[in-house]
Amino acid sequence: MDKILKLLEDDATLTPEQIAVMLSKEVGDIKKAIEKYEENGVILGYKTIVDWDKTDREYVSALIEVKVTPQRDRGFDRIAEKIYNYPEVQSLYLMSGGFDFMLLIEGKTMKEVAYFVAQKLAPIEFVTSTATHFVLKKYKDKGVVYGNMEIDERGNMPL
Amino acid sequence: MIDYNKMLSDTVREIKPSGIRKFFDLLSDMDNVVSLTVGQPDFVTPWHIREAAIESLEKGKTYYTSNAGTAEVRCELAKYLKRRFNLDYDGHDEIFITVGGSEAIDVAIRALINPGDEVIVPIPSFVCYEPIAKLAGAKGVTVTTKLENKFKLTPEELKSAITPKTKLLVLPYPNNPTGAILTREELEALADVIRGTNIAILSDEIYAELTYGKRHVSIAEIDGMRERTIIASGFSKAYAMTGWRLGYLCAPKPLIKQMLKIHQYAIMCAPTTSQFATLEALQNGDGNIEMLRTEYNRRRVVIYEGLKSIGIDSFEPEGAFYIYPNIAPFGLSSDEFAEKLLYEQKCAIVPGTAFGECGEGFARISYAYSVKHINEALERIEAFVKSLKK
């Protein structure tokens, strides 16, 4: 039933009825499968991809590299928890390579993001350094190309 | 004043323009139309293929290739045909690259026809065969395939169309507009009729990669058929490469040798940039084909089930990306149905009569559109059908 996940990953607005038709299955079975995915935490949520630059909302985002000293017994998880509990943090990844965590943060202004780093992130115990990279322009996110309005330019051929 | 009628060839003047043109003219004057008319993929050519073309330009590969196309692309095509369809053609002298499947059809027909020959064309089908046959001086003998036979040419129908003048049978499967395909058993049955005659076969296999459930079988694979078969196909549908205009012909060496002369004098060679793109497609594109087919299959089910649920019955298409519903029960002619649907619900489909008289009572709906688009169109068709019932 991974086909359901693939379809929903591409378009979360698909209804169970539509998915049932697309996969030649019963609607009831599709509903049950989706419920199960939600219960088991395979499906964690549904979101919309918004290009905020096309709205009036003030919005900036930044990627922040974080170096930490891992804690005895609890490794990185405890520090991760301290970081991801801040609602400003959109994504948090433990990384291989030259630093430990990469987090994606969103805010209204650069000042707000800077404030978060200085006042909340940097002072967390065991955080040894941070490097903030502001996003200047989003070209593609989650497989979607930004600003790319699809226009059907196909010519009507005489068959 | 010049009398252009006298200036022009009588044959050309007598050929009717494609019936669909008028309908598209209506369409182009309207806004916000949800159209299901287009006969080409809605996907862009995969990036790796486009990149190969760009790279060839950067390297200055802007010359003519040999008439038949580059040896590389022909040999890679031979491998592809073996891999995907179990066909054995020698890339050196049994294949050449054309400007789309269309040129392949034109060249094949012109190479075979003597004035007065008859060409059997199962209809409904792609609209070019009969006019091209006429231009070559042949007579087109159409055979109307039937809904109850799933729009397949039957051995009986074929038998009754054959005369001493029959030179060529066109085999347009997987079929535009019906979505019909021919299975190995059905091809065997047709082969039984043809074996022992001198009739040649032009097999238009442009939709060969787009079949659902069953793999396409070429008539060239059937015993005794390869020696008389010309395969015309191309890369437009399988790789979403319509604008590149690249196709090919496969046939026994003596036929290729003669057909190549027409291509040589009329075309020189297929576009070089497109040949480099196609080489990449053939080498690394199988995965893309699977992706496209899966997506089309999804859409096929959505449109088939969607039409059924609003009371429009169709033959369930097994290939290409069209569905050919039966709209006769609604009491309108095909043209009326399509025009009213366009004006009342701003939804465009192709009236079956665009494929000639045989299409009366039917419509062609393309599902080379996103599921969202198809669902929007289905809502409009449903609203229209409901208004008819009142």
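The set of residues from the stretch B:1-22 being within 30 Å of B:P124 (Cβ to Cβ) and among the hydrophobic types (A, V, I, L, M, F, W, C) comprises B:L8, B:V12, B:I15, B:I20. Which of the residues belonging to the stretch B:49-71 are more than 13 Å from B:S274 (Cα to Cα) and part of a helix (DSSP H, G or I)? B:E58, B:A71, listed by residue number. Here A:L7 meets the list (1) away from every other protein chain (no Cβ under 14 Å); (2) surrounded by 15 or more Cβ atoms within 10 Å (Cβ to Cβ); (3) within 30 Å of A:V135 (Cα to Cα) almost entirely, failing just condition (1).
The residues on offer are B:A191, B:A220, B:A180, and the sole one that is of a type in the set (G, A, S) and within 16 Å of B:A320 (Cβ to Cβ) is B:A180. In the set (1) at pLDDT 95 or above; (2) farther than 30 Å from B:E305 by Cβ, A:G98 fails one condition alone, (1).
How about the stretch B:35-45: which of its residues are surrounded by fewer than 21 Cβ atoms within 10 Å (Cβ to Cβ) and more than 8 Å from every other protein chain (Cβ to nearest Cβ)? Scanning the stretch B:35-45 gives B:F43, B:V44. Listed by position, the helices (runs of 4 or more DSSP H) enclosed by the stretch B:129-247 that each have at least 3 residues that are under 18 Å from B:G101 (Cβ atoms) are B:129-135.
Any chance the stretch B:34-42 includes a residue that's of a type in the set (A, V, I, L, M, F, W, C), under 30 Å from B:M259 (Cβ atoms) and touching a residue at least 12 places away in the same chain (Cβ under 8 Å)? No, because not a single residue in the stretch B:34-42 is of a type in the set (A, V, I, L, M, F, W, C), under 30 Å from B:M259 (Cβ atoms) and touching a residue at least 12 places away in the same chain (Cβ under 8 Å).
Of the residues making up the stretch B:314-373, those that are touching a Pro at 6+ places or on another chain (Cβ under 9 Å), part of a strand (DSSP E or B) and farther than 16 Å from B:V38 by Cβ number 3. For the stretch B:69-94, the set of residues classified as in contact with a Lys or Arg (Cβ under 9 Å, 6 or more places away or on another chain) and over 15 Å from B:Q264 (Cβ atoms) consists of B:R84, B:F85, B:L87, B:D88, B:Y89, B:D90, B:G91, B:H92, B:E94, listed by residue number. Checking every residue in the stretch A:16-36 against the condition of being away from chain B (no Cβ under 12 Å), touching a Leu at 6+ places or on another chain (Cβ under 9 Å) and not small (G, A, S) gives at least one match. Taking the criterion of being over 28 Å from B:L246 (Cβ atoms) and either within 10 Å of chain A (Cβ to nearest Cβ) or assigned to a helix (DSSP H, G or I) (or both), the residues of the stretch B:7-26 that qualify are B:M7, B:D10, B:T11, B:R13, B:E14, B:K22, B:F23, B:D25, B:L26.
Looking only at residues of the stretch B:130-170 that are in contact with a strand residue (DSSP E or B) (Cβ under 9 Å, 6 or more places away or on another chain) and acidic (D, E), we find that the one that is nearest to B:L187 (Cα to Cα) is B:E157. Checked against the criteria, B:A78 counts as away from chain A (no Cβ under 14 Å) and free of Cβ contacts under 8 Å to residues at least 40 places away in the same chain. The selection criterion, being within 14 Å of chain A (Cβ to nearest Cβ) and surrounded by 15 or more Cβ atoms within 10 Å (Cβ to Cβ), does not hold for B:G69.
The values are calculated or read from the model by the stated rules, or taken from the named source; none is laboratory data. Here the structure is a predicted model, which is why all the values come from computation and not from measurement. When we count neighbours, we look across all protein chains shown, and the Cβ atoms used for this are built from the backbone with ideal geometry, even at glycine.
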